[in-house]
Amino acid sequence: MRTILLAAAASLVAATPALANEARVEARGGIVWSQGDSEAIAGVAAGYDYDLGSTAFVGAEVTADKILTGNTRVTFGFNGRGGAKLGENGKLYVVGGYNTKNCEFCDGTWTAGAGYQHAFGNVYGKVEYRHFFVDNNQPDFNAVAVGVGYKF
């Protein structure tokens, strides 16, 4: 029995490099805007993507972003993403999830967006658009960010 378990564990370890699933961390910055006003944003993210064959993927990520102006908080996001793998290095995806409130009297927001990520070895760059759906008769807002990350 012990030999069978060891053989099964060894086969799983040997098969792992064949999978292209990847963990990633990144830093990013950009701009957020609504009704003619705009502010800079900066943040970090960590995620994990799962392959769905050779042409598609799904993933999960957590984020921490800050609008770079007074009276705002770091907002934490819990997101899912999925899309198409374009060749060996590109990923075109949709993304959405929930972000915690970014100011004392704000509510959390749901988000939806899209992006493109391109790998240069283990380093990648990306550009992403998000729309934030705000409740309580407040205006929605938008953000565009560029990021640089490392995948492993």
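Under the condition of being among the hydroxyl-bearing types (Ser, Thr, Tyr) and over 16 Å from Val25 (Cβ atoms), which residue from the stretch 55-76 is surrounded by the most Cβ atoms within 10 Å (Cβ to Cβ)? Even if it seems obvious, please write down each step before you answer.
Quick first cut of the stretch 55-76, residues among the hydroxyl-bearing types (Ser, Thr, Tyr) only: 55, 63, 69, 72, 75.
In the following step, the residues that additionally are over 16 Å from Val25 (Cβ atoms) were identified as 55, 69, 72, 75.
Working: Thr55: 11, Thr69: 12, Thr72: 18, Thr75: 21.
Among residues in the stretch 55-76 that are among the hydroxyl-bearing types (Ser, Thr, Tyr) and over 16 Å from Val25 (Cβ atoms), the one surrounded by the most Cβ atoms within 10 Å (Cβ to Cβ) is Thr75.
Just checking, which of Lys101, Lys85, Lys91 is among the charged types (D, E, K, R) and within 16 Å of Glu128 (Cβ to Cβ)?
Lys91
Here's a check for you: in the stretch 43-54, which residue that is exposed (fewer than 15 other Cβ atoms within 10 Å of the Cβ) and at pLDDT 95 or above is nearest to Val127 (Cα to Cα)? If you could, list the steps in order and put the result at the bottom.
If we filter the stretch 43-54 for residues that are exposed (fewer than 15 other Cβ atoms within 10 Å of the Cβ), which is where we start, we get 46, 48, 50, 52-54.
Among the residues that remain, those that are also at pLDDT 95 or above are: 46, 48, 50, 52.
Numbers: Ala46: 15, Tyr48: 18, Tyr50: 20, Leu52: 22 Å.
Only one residue fits best here, namely Ala46.
Pick out the one residue from Asn79, Asn136, Asn102 that is at pLDDT below 95 and buried (at least 16 other Cβ atoms within 10 Å of the Cβ). Quick ask: steps written out before the conclusion?
Details: Asn79 fails: at pLDDT below 95; Asn136 fails: buried (at least 16 other Cβ atoms within 10 Å of the Cβ).
The match here is Asn102.
Taking only the stretch 82-99 into account, find how many residues are touching a His at 6+ places or on another chain (Cβ under 9 Å) and modelled with pLDDT under 95.
In the first step, residues of the stretch 82-99 are kept if they are touching a His at 6+ places or on another chain (Cβ under 9 Å); the result is 86, 89-91.
Then drop every residue that is not modelled with pLDDT under 95, which leaves none.
Selection size over the stretch 82-99: 0.
Pick from the stretch 109-137 the residues that are in a loop (DSSP other than H, G, I, E, B) and touching a residue at least 24 places away in the same chain (Cβ under 8 Å): which of them is farthest from Leu68 (Cα to Cα)? Steps first, please.
If we filter the stretch 109-137 for residues that are in a loop (DSSP other than H, G, I, E, B), which is where we start, we get 121-122, 134-137.
Filter once more, keeping what is touching a residue at least 24 places away in the same chain (Cβ under 8 Å): 122, 134-136.
Values: Asn122: 29, Val134: 19, Asp135: 22, Asn136: 23 Å.
By that ranking, first place goes to Asn122.
Kindly check whether there is at least one residue in the stretch 141-151 that is among the polar types (S, T, N, Q), under 12 Å from the mean Cα position of the chain (by Cα) and not in a loop (DSSP other than H, G, I, E, B).
Taking the stretch 141-151 as the starting set, the residues that turn out to be among the polar types (S, T, N, Q) are 142.
Checking the rest, the ones that are also under 12 Å from the mean Cα position of the chain (by Cα) come to none.
Scanning the stretch 141-151 turns up no residue that is among the polar types (S, T, N, Q), under 12 Å from the mean Cα position of the chain (by Cα) and not in a loop (DSSP other than H, G, I, E, B).
The values are calculated or read from the model by the stated rules, or taken from the named source; none is laboratory data. Just so we're clear, the structure is a prediction, and the values are computed from it rather than from any experiment. Here Cβ is always computed from backbone atoms with ideal geometry, including for glycine, and neighbour counts include all displayed protein chains.
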